[in-house]
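Encoded as structure tokens, the structure appears first; notes follow it.
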Amino acid sequence: MLTFNVIPMLTMRRIATKVPLITLLWALICTGCENTSNMSNPHNKLAKSQSPYLLQHAENPVNWYPWGDEALNRASTEDKLLIVSIGYSACHWCHVMEHEVFENDSAAAVMNADFISIKVDREERPDIDEIYMRALQLMTNQGGWPLNVVCLPNGKPIWGATYVPREKWMQVLRELKNLYRDDREKVENYAEQLTQGIQQSQLIALKREALSYTEVDADSVFENWRASLDPEEGGPKRAPKFPMPVNLDYLMEYASLSGNEEAWQHVKLSLKKMAYGGIYDQIGGGFARYSVDAYWKVPHFEKMLYDNAQLIGLYSKAYRLKADPLYAEIVKQSVDFIIREMRDESGAFYSALDADSEGEEGKFYIWKAEELQKLIPAADWALFAAYYNVNNEGLWEHGNYILLRQKDDNEIAANFELSLSELENRKKQWQAILMEYRGKRIRPGLDDKALSSWNALAISGFTEAYRSFNERSYLDLAEETAEWLLKEQSDQDQLRHAWRNGHSHIEGLLEDYAFAIQAFIDLYSCTGKESYLEQALRWMQFAQREFEDRNSGLFYTRPHTGEQLIARSMETADNVIPSANSVMAHNLFRLGLIYSKSAYLEQARQNLAHLSAQAKDYGESYANWARLGLYQAYPFYEIAISGPEADLFFTKIMESFIPNGLLVWSKESSTIPLLEERLPAEGTLIYPCQEGSCRLPMKEPKEAQSFLNNFNKLTLEKS
């Protein structure tokens, strides 16, 4: 994740209350990291943690505690400030700060003498990270990881920064200790006002009037957004460059329904540039977290499950609109990658692969030209070097090359007088050679915990791949992952968040319920198995009891019962992952249609109404909300298929790109309201419905496809 190398003053910005400025004196930047210790520290409490990130710090000379009552009670009893340091195992700058600071005896001595130090894995505890990241943003208008916050013993923050060099870190801690001793009232007042700012920043301007969302509103989302889209390289017009699947998903659906060719061209450009760039592993498949430049060239080499799960779904959906073989290639390679490198024998998928190996960022993935020349047959070298840009375009640093593409296969094949099939065979040979050789290198670190929410995203990604390619193995993967989720992480209506080595831990957060409900609705749609739908409904009912804010209808990050933090967070902005609240709104909408629950439909629309202004004005940060808005602005249909060939009809219809439709089917009689009493006496029928009110049934999948395509204003590019 992006780390900002800025050490902030102790000041809070962009909140309504006025806060006194407390100036800290800074020392010179550390130029060495000598005097590090590798000795085991008996006072370090992380050795029994499940988190690979916490275990990375278990040998530090710092007296680390995991988050919990032991650390918080000790801070209160001894009246010591808390250091809350948050990161994740694949974070490069987290490793840098550990080596430079937390492995250093001198820095550890300062921390141990006057502070209680807590390590937090942001992926295990996104609820804690969300609160303290909000505090950092209020203090400095910046964010990133590692996230280091100093707090009062009660957990209320007074200072924050991302990466801090060792000498500055030690100096800041001494200043804060003295400040807490000499001017406690000022520090406590500041902490109270900052905490109020965190709480205020969570407030949503509630809208009680009926939702109004029209085609004009959908057009305004794009108009307000378009200036920040990169017309040359795709994606956002900035560096570093993140894929942002939720944004491209919205733009693709908007383009289809509105006929906005510019939006569609941006999606196509982005998908191509990402697939061609160094951010994509050209040899083994899978996407890195982001590129450090504006060209998708140099990745920050960590690979996250949630990125790849969403991108598998995105490229699959794009294939239904444009049957580009590149999209199929990306899906297949990326699925193969996460099976090969991120799957546990239990059926779960691990969280992340590190950016670093042997202490060097990207070492596993980069190449020397002479190394490649020894591996690639001499007769192929010119073709290989042109295809993967072993030239100035692919040159990175220290004589290393990042393999990337700039020309499509047709152009390369024509330039070298090859057929496409011959070029494809050569590519497969090169990839096999380089994969075998690369497999002998020291591998990047693996974060082998599994998260319910991210595994649910993988389920949804696999269902999209199944829809697009009618490949049964993709649906099998989705069902096997769902089986793991039910067996290891669910107890009827409750979910747990994290799992590692057979141990399930941490109570479920809203994101777990949101993405699991979404995944099981997707599975129901693809399989017709009502057990998936029933489970989704149970989770929804539990989430409403335990997470819902009765005043707004939105949902808190944490349940009402259990541990209470310094503020109640309510995530609404979409980011690299759609917000749990926007996903819940989609879930309410879909369950409301399937079960004919008007209360669910009303809650979905009311929650969208609360966020509609943000969605219209800041689509880039509220894209999943805006996507739900599309279903209000344009006609939306439930497609109910009933009869002995319902599965075959579904398979045929799902080949089309249908942004404005929800498909359900059953071969037998069903008590699901959308399908109830719709089993024909003979044959199979397709019912196009709107909120339960259905048109005359259709007898052929092509008829249904034609009907739905009438609402797709984009020129279809299916081959």
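For the chain, the relative contact order is 13 percent, taking Cα pairs closer than 8 Å that sit 6 or more residues apart in sequence and dividing their mean separation by the residue count. Beyond 21 Å in Cα-Cα separation lie the following of the pairs Lys449/Lys487; Lys168/Lys363; Lys529/Lys667; Lys48/Lys449; Lys241/Lys368; Lys297/Lys407: Lys168/Lys363; Lys241/Lys368. In terms of overall dimensions, the chain has a Cα radius of gyration and Dmax of 26.3, 85 angstrom. Among the GluC sites (Glu not before Pro) in region 350-413, those located in a DSSP loop and surrounded by at most 12 other Cβ atoms within 10 Å of their own Cβ are Glu358, Glu397. Relative to the longest principal axis of the Cα atoms of the chain, helix 598-617 runs at roughly 60 degrees. Structural descriptor for region 52-201: relative contact order 28 percent, calculated from alpha carbon pairs under 8 angstrom and at least 6 residues apart. Sorting 183-192, 234-243 by average packing, meaning the other beta carbons within 10 Å per residue, from highest down gives 234-243, 183-192. For Trp67, nonlocal amide neighbours, meaning residues 5 or more places apart or on other chains whose placed amide H falls under 5 Å from its own, are Lys119.
Across region 345-355, rounded Karplus estimates of 3J(HN,Hα) from the backbone phi angles (6.51 cos²θ - 1.76 cosθ + 1.60, θ = phi - 60°) give 5, 6, x, 7, 10, 5, 7, 6, 10, 5, 6 Hz, Gly and Pro being marked x. For Ser357, the residues whose modelled amide H falls within less than 5 Å of its own, excluding neighbours fewer than 5 places apart on the same chain, are Gly362, Lys363, Phe364. Available extension along the chain between Ala379 and Ser596 is 71.7 nm, counting 0.36 nm per residue and deducting the alpha carbon span.
Think of each Lys and Arg Cβ as +1 and each Asp and Glu Cβ as -1; about the Cα centre, that makes the dipole of the chain roughly 800 debye. Between the helical axis of 623-633 and the longest alpha-carbon principal axis of the chain there is an angle of about 30 degrees. Between the beta carbons of Glu358 and Asp448, assuming R0 = 22 Å, the FRET efficiency works out to 0.70 to the nearest 0.05. The string of couplings for region 296-307 from the Karplus curve (6.51, -1.76, 1.60, θ = phi - 60°) is 6, 7, 9, x, 8, 5, 4, 10, 10, 4, 5, 5 Hz, one whole number per residue in order, with x for Gly and Pro.
Kindly provide the helix-only [θ] at 222 nm of the chain, computed as the sum of -39,500 (n - 2.57) over DSSP H runs of four or more divided by all residues, to the nearest 500 deg cm²/dmol? Mind dumping the intermediate values first?
Details: 25 runs with 333 residues, N = 719.
Here the helix-only value at 222 nm equals -15000 deg cm²/dmol.
Centroid-to-centroid, using Cα positions, region 636-666 and region 150-182 are 58 Å apart. Taking other residues whose beta carbon is less than 12 angstrom from the beta carbon of Ser419, and scoring Lys, Arg as +1 and Asp, Glu as -1, yields -3. Between Arg343 and Tyr350, the built amide H atoms are under 5 Å apart, and every one of these is 5 or more places off in sequence or on another chain.
Relative contact order for region 443-527: 38 percent, from Cα pairs under 8 Å spaced at least 6 residues apart, divided by residue count. Computed with the Debye formula from one identical point scatterer per Cα of region 114-268, without solvent, the log10 of I(q)/I(0) at q = 0.08, 0.12, 0.20 Å⁻¹ comes to -0.41, -0.76, -1.22.
Does anyone have the angle between helix 126-140 and the longest principal axis of the chain? Alpha-carbon axes, 0 to 90°, nearest 10? For 126-140 against the chain, the angle is about 60 degrees. The phi torsions of region 480-488, fed into the Karplus equation with coefficients 6.51, -1.76 and 1.60 and a -60° offset, translate into couplings of 5, 5, 5, 4, 4, 4, 6, 6, 9 Hz, rounded to whole numbers, with Gly and Pro shown as x.
Every number in this text was worked out from the coordinates using simple rules, so none of it is lab data. Everything numeric in this text was worked out from a predicted model, so none of it was measured. With ideal geometry, Cβ positions are generated from the backbone for all residues, glycine too; neighbour counts draw on all protein chains shown.
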